[in-house]
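Below is one structure, written out as structure tokens; the observations come after it.
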Amino acid sequence: MNNTWILLSFAFLCSCLSPEEIAISADDQIKALDLVVQSIAEDQAGTQLVKTVTLDGSQESSTLPFDTLIVSKDLKTLKDYSFARLIRTTNYNKTAVDQGFLYERKAKEKKGPVSILIDKNEEGDIEELELKLEDANLLYTSNQQIRLTFENKKLATYRVQGSRKLIGMEATVFDISVRVQ
């Protein structure tokens, strides 16, 4: 009888854990991806951002000192994800490609990127990252493609392309292209 109460008490306590307290068991590639995403907005002193923005056919270019706020804002969608919590074998298929991996969301899943492509260099560091996102509900449809390249473990370029369409309105097409130099 005492063993039953102890077991029930233990089960109750374990079920009260918050998601942050639950151990993450994602594969090594996804853990490396989370580390890279956390580091994309690290300051790169002495560098500049050459930024070109195209919105509905209108283009504007500028050169700015490297600013972590600009990078964080441009890549907010990417930084909002915790890939280690999101990517599991139950909801994504993993395929080895060249020197990297492709994760594709299973058809029954609706949350998270549609696909994630991770390319690595000979040393095993992430050299290129590409995500495709789609979202649709009663009010809008949205698709987005984010591509980042890295040199010496630092962000070298990124590009965010996509479109958004609110119900009853024209689609807005955007393209943000940035090179760190």
(message) I'd like the full set of residues that are of a type in the set (A, V, I, L, M), at pLDDT below 90 and not in a helix (DSSP H, G or I), limited to the stretch 1-53.
(response) Met1, Leu17, Ile22, Ala23, Ile24, Ala26, Ile40, Ala41, Ala45
(request) Would you be able to tell me the number of residues in the stretch 94-104 that are in contact with a strand residue (DSSP E or B) (Cβ under 6 Å, 6 or more places away or on another chain) and either open to solvent by 40 Å² or more (accessible area, probe 1.4 Å) or of a type in the set (A, V, I, L, M, F, W, C) (or both)? (result) 6
(message) Step by step: first the residues of the stretch 83-93, then only those that are of a type in the set (Val, Ile, Thr) and surrounded by fewer than 19 Cβ atoms within 10 Å (Cβ to Cβ), then the one that is farthest from Thr149 (Cα to Cα). Which residue is that?
(response) Thr90
(message) Kindly evaluate Lys132 against the criterion of being assigned to a strand (DSSP E or B), closer than 20 Å to Gly162 by Cα and of a type in the set (Lys, Arg).
(response) yes
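Is the stretch 72-81 home to any residue that is farther than 19 Å from Tyr158 by Cα and either in contact (Cβ under 8 Å) with a residue 60 or more places away in the chain or assigned to a strand (DSSP E or B) (or both)?
Step one: filter the stretch 72-81 for residues farther than 19 Å from Tyr158 by Cα, giving none.
Among the residues of the stretch 72-81, not one is farther than 19 Å from Tyr158 by Cα and either in contact (Cβ under 8 Å) with a residue 60 or more places away in the chain or assigned to a strand (DSSP E or B) (or both), which makes the answer no.
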(request) Can you tell me which residue within the stretch 170-181, out of those that are in contact with a strand residue (DSSP E or B) (Cβ under 9 Å, 6 or more places away or on another chain) and open to solvent by 100 Å² or more (accessible area, probe 1.4 Å), is farthest from Thr77 (Cα to Cα)? (result) Gln181
(request) With respect to Leu117, determine if the residue is open to solvent by less than 80 Å² (accessible area, probe 1.4 Å), part of a helix (DSSP H, G or I) and not aromatic (Phe, Trp, Tyr). (result) no
(message) I need the full set of residues from the stretch 129-146 which are in contact (Cβ under 8 Å) with a residue 12 or more places away in the chain and within 21 Å of Asp56 (Cβ to Cβ), in order please.
(response) Leu133, Glu134, Leu139, Tyr140, Thr141, Ser142, Asn143, Gln144, Gln145, Ile146
(request) Filter the stretch 60-77 for residues that are at pLDDT 90 or above and within 27 Å of Val114 (Cβ to Cβ) and give the result. (result) Ile70, Val71, Ser72, Lys73, Asp74, Leu75, Lys76
(message) Consider the stretch 135-166. How many of its residues are of a type in the set (A, V, I, L, M, F, W, C) and outside any strand (DSSP E or B)?
(response) 2
(request) For the stretch 107-119, indicate whether the set of residues that are on the phi > 0 side of the Ramachandran plot and modelled with pLDDT under 90 is non-empty. (result) yes
(message) Against the condition touching a helix residue (DSSP H, G or I) at 6+ places or on another chain (Cβ under 6 Å), open to solvent by 80 Å² or more (accessible area, probe 1.4 Å) and not small (Gly, Ala, Ser), how does Asp80 come out, does it pass?
(response) no
(request) Give the stretch 148-169 a look and list any residue that's under 16 Å from Thr54 (Cα atoms) and open to solvent by 50 Å² or more (accessible area, probe 1.4 Å), or say none. (result) Arg159, Gln161, Arg164
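The values are calculated or read from the model by the stated rules, or taken from the named source; none is laboratory data. Everything numeric in this text was worked out from a predicted model, so none of it was measured. Positions of Cβ are backbone-derived with ideal geometry, glycine not excepted, and every protein chain shown enters the neighbour counts. Calculation scope for accessible area: heavy atoms of the full protein, side chains included, ligands and nucleic acids excluded. Shrake-Rupley method; radii C 1.70, N 1.55, O 1.52, S 1.80 Å.
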